[in-house]
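Single-structure report; data block below.
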Amino acid sequence: MANNTLDNIHIILVGITHPGNIGASARAMKTMGLTQMRLVRPKQFPNAEATARACGADDILFNAQIFDSYEESLQDFHLVFGASARQREISWPVLTPRTCAEQALPIQAPVAIVFGRENSGLTNQELEYCNYLVQIPSDANFSSLNVAAAVQVIAYELRMEKLKNTKFDSALPSPASVENMERLYKHLEETLIDIKFLNPNHPRLLMRRLRRLFNRTQLIDSEVNILRGILTATQEK
Ligand code: SAH
């Protein structure tokens, strides 16, 4: 089903020097529900530092596919995005992470998002394989993110795109019924009269203001019960 899986989306890390960045990228992926990683000529892998920085996302490292050839690593993809901090000499269509996610999610075939080396990024030749560049709109004077941080930003947008069509289940039960709220307001009014905060002969707008306050917060039944318990205790004093 469209927009229902992130398993088509592969993160390709090219020529990573610091194994910690591979682990941190795996963690960034797993937190956002991405599972597929490929490594092209990693300097050191497998590696204890990578495993440590993955913080439990070791399954992604364990399943990562390793390639000697960049071109080979891309053979089976139907759409390729290249993450790049800089606008290159070659002008290429550039997307934001969000528009990248909008393009990538509906594709019912493997899609690659390629990330480059810590010190030099992706070469122009490597970018030529890409349908689009993806640029995180960072500050022009300091535009380069750590590679795992760049993976995190793009993975987050992929996740948001996936969730867009998913109905968010509200964590809270429905707001209390009018009937239950009216019981609360009646109880509140009686109590305020009992404690002489409200003069029934000169009520002014107090109850209306309190209704506005509580109505804004959309109380649920259990919260109404707590408030009514407090009112009962107050009346008993
Ligand atoms: N000096 C290198 C920076 C590499 S950072 C350069 O100028 O390209 C390592 C990788 O992180 C980059 O190759 C890219 O894939 C990703 N990255 C870093 N900052 C990014 C940004 N602002 N937008 C998109 N990708 C970015």
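Quick notes
- Enumeration of residues in segment 213-222 that are open to solvent by 70 Å² or more (accessible area, probe 1.4 Å) and touching a residue at least 40 places away in the same chain (Cβ under 8 Å): GLN218, ASP221
- Taking (1) in a helix (DSSP H, G or I); (2) over 27 Å from the mean Cα position of the chain (by Cα) in turn, PHE62 satisfies each apart from (2).
- Count of residues meeting criterion [under 26 Å from the mean Cα position of the chain (by Cα) and closer than 19 Å to PHE67 by Cα] in segment 24-50: 8
- Matching entry among PRO97, PRO93, PRO106, PRO137 (being open to solvent by 50 Å² or more (accessible area, probe 1.4 Å), within 26 Å of the chain's Cα centre (by Cα) and within 10 Å of the ligand (Cβ to nearest atom)): PRO137
- Residues of segment 140-157 that are near the ligand (Cβ under 6 Å from one of its atoms) and either more than 24 Å from GLU102 (Cβ to Cβ) or outside the structural domain of MET29 (by TED's automatic domain parsing) (or both): SER144 alone.
- Cβ-Cβ distances below 6 Å connect the following pairs, each with a first residue in segment 138-163 that is touching a residue at least 40 places away in the same chain (Cβ under 8 Å) and of a type in the set (Ser, Thr, Tyr), a second residue that is more than 12 Å from the ligand (Cβ to nearest atom) and open to solvent by 30 Å² or more (accessible area, probe 1.4 Å), and a separation of six or more residues or different chains: TYR156/MET32.
- Inside segment 118-127, residues that are charged (D, E, K, R) and either surrounded by fewer than 20 Cβ atoms within 10 Å (Cβ to Cβ) or more than 10 Å from the ligand (Cβ to nearest atom) (or both) make up a count of 1.
- Taken together, PHE67, PHE81, PHE77 contain a single residue that is crowded, with 16+ Cβ neighbours inside 10 Å, in contact (Cβ under 8 Å) with a residue 60 or more places away in the chain and at negative phi, which is PHE77.
The values are calculated or read from the model by the stated rules, or taken from the named source; none is laboratory data. Quick caveat: nothing in here was measured; it's all calculated off a predicted structure. FYI the Cβ positions are ideal-geometry reconstructions off the backbone, even for glycines, and counts take in every protein chain you see. Remember, those area values only see protein heavy atoms, side chains included, never the ligands or the DNA or RNA. Shrake-Rupley method; radii C 1.70, N 1.55, O 1.52, S 1.80 Å.
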